[in-house]
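Working notes, structure below.
Just so it is clear, none of the values below were taken in a lab; they were calculated from the coordinates. All figures in this text were calculated on a predicted structure; none of them were measured in a lab. As a convention, Cβ positions derive from the backbone with ideal geometry for all residues, glycine included, and neighbour counts pool all protein chains shown.
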Amino acid sequence: MSHRLPAFPVEPAGVRVSPARLRKLLSVSLLIAYLPSCYSYHELGPTPQAALQNPPESTLYITRVEGSTVELQETATVGDSVVGLGVPTRRVLAKPRIAIPLSDVSRVRTQKLEGGKTTGLLGGLVAGALLVVGGAHYLTYEDGS
C-alpha cells in the first residue's frame, strides 16, 4: 500500500503559508512584471543622421558600423559627431562622455513600452495569483459535516 505525501506541509489547521513565502512570491511576480519583454526597440529616422538631428529625450542605442552598440543618454549632435553620456554597467560609476562620428553610426534605436505585451503579462500574473490562492483555498477547505 502506497502512502501519498502532501504537496505542502500540512498542519492540523491546514496548509501553512509563511509570510516569507508570500513575500518571495510577490517579489518574483514583481520581477517578472518588469521584464524587458514589455519593451521593444524602434529604429529612428530613415537614416542615422536624420534620426540624430532632433534626438528624443529617451536613451538611444547607437549601433556602429563594425556592429557594436553604445547606450547613450542626453544626446546631441555636435559638428560631425553624436555626443552623449554613456550608461555605465555599474550604477556607482560616473557616466562617461562619449562622442561617436556620424560616419561611424549605422543605426539609431530607442526602447518603447509595448502596451499589449505589458497588459498580457500583468493579466497572466493576476490569473496565476488567482490560481495559487484558489489552489491554497481548495487544499485547506474543510467540509463542516
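A few comments on the model shown:
- Sum of side-chain charges, residue 43 neighbourhood, beta-carbon under 14 Å (Lys, Arg +1; Asp, Glu -1): +3
- Taking the Cα centre of the range 46-142 as origin and assigning +1 to Lys and Arg Cβ atoms and -1 to Asp and Glu Cβ atoms, the resulting dipole is close to 140 debye.
- Cα centroid separation, the range 52-79 to the range 109-126 (Å): 25
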